[in-house]
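> The structure follows.
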Amino acid sequence: MKTHSKFLVCTAASAAFVAISAVSASAAIACSGNVCWHSHERYRYPHTAHVVVHADTWKWGPSVTIREHEGRGYWHGDRWNTW
């Protein structure tokens, strides 16, 4: 009975860890025109930025340029705008 109880506790702990890590790993791909970047949080971008947010599973085509940048902001042409 002890082994069975340990197994159940370990299984429950493993399931909880997987559930928590799946929630915290949410991400998105944000695009302004044909320039896109990964965003680790879903920001509410200014309307004037014309940013479209896609799910992390979204697949981009050959005409899309991927640029990365840390922090809250968006690409406008070649310039990173923070707010």
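> Which listed residue (Gly61, Pro46, Cys36) has the Cα farthest towards the positive end of the charge dipole for region 28-82, taking +1 on Lys and Arg C-beta and -1 on Asp and Glu C-beta about the Cα centre?
With unit charges placed on the Cβ atoms, the residue in question is Pro46.
> If each of Ala27 and Glu41 carries a label point 7 Å out from its Cα toward its Cβ, how far apart are those two points in nm?
1.7
> Same structure, new question: Determine which residues of region 36-60 fall in the zone a paramagnetic label at Thr82 would reach in this model, i.e. backbone nitrogen under 19 Å from the point 7 Å along Cα→Cβ.
37-46, 49
A short reminder: the numbers here are calculations on the coordinates, not readings from a lab. In this text, all values refer to a predicted model and were calculated from it rather than measured experimentally. All Cβ positions, glycine included, derive from the backbone under ideal geometry; neighbour counts span all protein chains shown.
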